[in-house]
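First up is the structure itself, then whatever we jot down about it.
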Amino acid sequence: MNVVFAVKQYISKMIEDSGPGMKVLLMDKETTGIVSMVYTQSEILQKEVYLFERIDSQNREIMKHLKAICFLRPTKENVEYLIQELRRPKYSIYFIYFSNVISKSDVKSLAEADEQEVVAEVQEFYGDYIAVNPHLFSLNILGCCQGRNWDPAQLSRATQGLTALLLSLKKCPMIRYQLSSEAAKRLGECVKQVISKEYELFEFRRTEVPPLLLILDRCDDAITPLLNQWTYQAMVHELLGINNNRIDLSRVPGISKDLREVVLSAENDEFYANNMYLNFAEIGSNIKNLMEDFQKKRPKEQQKLESIADMKAFVENYPQFKKMSGTVSKHVTVVGELSRLVSERNLLEVSEVEQELACQNDHSSALQNVKRLLQNPKVTEFDAVRLVMLYALHYERHSSNSLPGLIVDLRSKGVAEKYRKLVSAVVEYGGKRVRGSDLFSPKDAVAITKQFLKGLKGVENVYTQHQPFLHETLDHLIKGRLKENLYPYLGPSTLRDRPQDIIVFVIGGATYEEALTVYNLNRTTPGVRIVLGGTTIHNTKSFLEEVLASGLHSRSRESSQATSRSANRR
C-alpha cells in the first residue's frame, strides 16, 4: 500500500500508452499538484513530454506536431474546457484521462464535440489525491465543515478522493467510523454508496481478511495539531509551511535568489528521505556529515584538468556534484532557518511546557509555567495563544481552572483580539463536550501501569513525550480491541480477524506527527499495512484556520452573549 507508487504508476502508464513522439501534458490546477508530487519536470522530460500546459490557459499556441495527454479532474468546468478544445484542436491527437469516475453523459458530450476525430482514447485513472509520503495522502481541502456538518461541495470532493484512493490501491474495504462524529458517519455512507453503485470497479481479488477504512474526526484530538514539532518534516511544516512539497524561504534574512523556494521530496532527495523522521538534534549532526562529505569530494572536482581523460571524468561527475551542491545548500539553509526561529522564539522552553500540558496532569505546575512564559518578551503572541489553548483544552473542567486570568494576561501582553477569540473557538471545536474519547487520562489498568512506568523511567526526550491519540486508536484496532460502541461498523457485517490493510482518514485534517506514528507502526508491526489520509495536512496555523472556517467560533460567542442577556433579565 504505497500511494506515491500508485499515482506514479498511473502517470507512467498515461505517457507509455500515448506511444513514441513529442507530447504535451495538459492538466488543471489540482492535477498539476498531483503530478508534481510524484514526478519532477526533468523526469517527465526524459519521457518525451516537452510541454506542460493548463487546460484553463487562454493563450496556448497551436502545435500540431505534439500529442496531447490530458489528465483532468472530472469537473463540469474541465469537461466544458475539453469540449471547447476538441472543437478547435491545438494538437494532433488527444489521450484523455480523468482522475475519477466520469458520467456517461459527459463522455457523450465529448464524443459529440470531437468532430475532427482527434481523440484516441478516454480512460479513468484514479489518481485523485495528493500523495505526500508512501503512507500519507491529502486532499488539500481547508475548511471542510460548517459547524459540525459537511460543506456539501467538500463532502463530494472527499468522497471522490477517498474512493479514488481505494481504487488506486485496489481495496474494497469494510468501513468503521467515529460514533461521536456525524460528519464521519456521513462520509462513510457516501463512500459506501459509491462502492455499491460502481460495484464492477471494486471487484478486486478477495483477500482472506478484508481491508478496513476507519474514518475519524479532527475534533476528537485538537491537541496534536497545536504542538510544536521536533522531527524534520513535521518541524519544517510547523515553522516554514510545506505546500505540495514546496517551502517558501523568501522571508529568510539574506536568502539568495535561487533558494527563495525549495522543494523537499523524499522521492528525489536522498538526504531528506533518510532524515525526514529524525529529531532536530540528529539532523544537525547529519548536515555536518553531509557538508564534510561534500568538502572531501570538492577538491578532486577542482583539480587541474590536464588530459582528455581528466576532462571526461569531470564532465561525467559534474551533474552528480552539482546535484550534491544543491542538496547541501538547500538543507543547510532550511536547518539554519529552523535553528534561528527556535532560538528567536524561545521554542525549546515553549515546547517543554506544551508537552507538560499535553502529557502531564499537574495543574498548578502547568499554570505557573504558562504564566511565566506569557511574561517572557521572546514568546510570540502566536506561541502564547497556543499555550493558553492547550491549557484550556486540558483543564477545561478543572475545579481551579484559571482561563479567564490567562486571557487577561494575553491582553496585557498585547496579543491581538483575533488570537484571543480563538481560545474559546478551539474549546468549542475540540473540547470535552465534543470528544468521543478521553484525551488526557488513561482509561484502563494497562494504560495506567504504562504511564506509571514511563514516569519512573523518565522520558528520554522531554520534547517528544506526546503521542497522538491516533496511536492508541490504531494500537487497539491492530490488537482487535477497538470498541465497537465507539467505532461502529457501517452495515451489518463485522471483521472477525485482526485487520491487516488499514486506511485511516481524518476529517478536518491529519498531521505529520500522526504520519510519523503510522510510519513507526508500519515498521514495527509485521503483517500490518497502514495508510493515513486527511482532508489536509495541518500545522498549527492551518488548524486554526480550519477552526475559524467551521464557524463554531461565532456560535460560541452568540451563545455566551445569549447567556449573559438572559442573566441580565433575571
Residue ID - farthest from residue 194 (Cα to Cα), chosen from residues in the stretch 151-183 that are in contact with a Leu (Cβ under 6 Å, 6 or more places away or on another chain) and open to solvent by 20 Å² or more (accessible area, probe 1.4 Å): 179
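Yes/no per residue for (1) under 30 Å from residue 518 (Cβ atoms); (2) in contact (Cβ under 8 Å) with a residue 60 or more places away in the chain; (3) polar (S, T, N, Q); (4) in contact with a Phe, Trp or Tyr (Cβ under 7 Å, 6 or more places away or on another chain):
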site: 2; (1), (2), (3), (4): yes, yes, yes, no
site: 7; (1), (2), (3), (4): yes, yes, no, no
site: 55; (1), (2), (3), (4): no, no, no, yes
site: 77; (1), (2), (3), (4): no, no, no, no
site: 84; (1), (2), (3), (4): no, no, yes, no
site: 87; (1), (2), (3), (4): no, no, no, no
Residue check, residue 255 assigned to a strand (DSSP E or B) and touching a helix residue (DSSP H, G or I) at 6+ places or on another chain (Cβ under 9 Å): no
Residue identified as at pLDDT below 90, over 22 Å from the mean Cα position of the chain (by Cα) and on the phi > 0 side of the Ramachandran plot among 43, 48: 48
Only listed residue being under 27 Å from residue 506 (Cβ atoms) and assigned to a loop (DSSP other than H, G, I, E, B), chosen from 143, 161: 143
Condition broken by residue 132, with the remaining ones in (1) open to solvent by 40 Å² or more (accessible area, probe 1.4 Å); (2) within 23 Å of residue 33 (Cβ to Cβ); (3) in contact with a strand residue (DSSP E or B) (Cβ under 6 Å, 6 or more places away or on another chain) satisfied: (1)
Hits in the stretch 478-514 (condition: among the small types (Gly, Ala, Ser) and surrounded by 15 or more Cβ atoms within 10 Å (Cβ to Cβ)): 508, 509, 510
Residues of the stretch 195-244 that turn out to be over 27 Å from residue 339 (Cα atoms) and either in contact (Cβ under 8 Å) with a residue 40 or more places away in the chain or under 24 Å from the mean Cα position of the chain (by Cα) (or both), as a count: 17
Residues (assigned to a loop (DSSP other than H, G, I, E, B), farther than 30 Å from residue 436 by Cα and open to solvent by less than 10 Å² (accessible area, probe 1.4 Å)) located in the stretch 222-250: 249
Search result, residues across the stretch 341-355 that are open to solvent by 30 Å² or more (accessible area, probe 1.4 Å), assigned to a helix (DSSP H, G or I) and without any contact (Cβ under 8 Å) to a residue 60 or more places away in the chain: 343, 344, 349
Hey, residue 106 surrounded by 15 or more Cβ atoms within 10 Å (Cβ to Cβ) and in a helix (DSSP H, G or I) or not: yes
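The values are calculated or read from the model by the stated rules, or taken from the named source; none is laboratory data. Just so you know, these numbers come straight off a predicted model, no measurement behind them. In this analysis, Cβ positions are derived from the backbone assuming ideal geometry, glycine residues included, and neighbour counts consider all displayed protein chains. Protein only, heavy atoms only, side chains kept; ligands, DNA and RNA dropped before computing areas. Shrake-Rupley method; radii C 1.70, N 1.55, O 1.52, S 1.80 Å.
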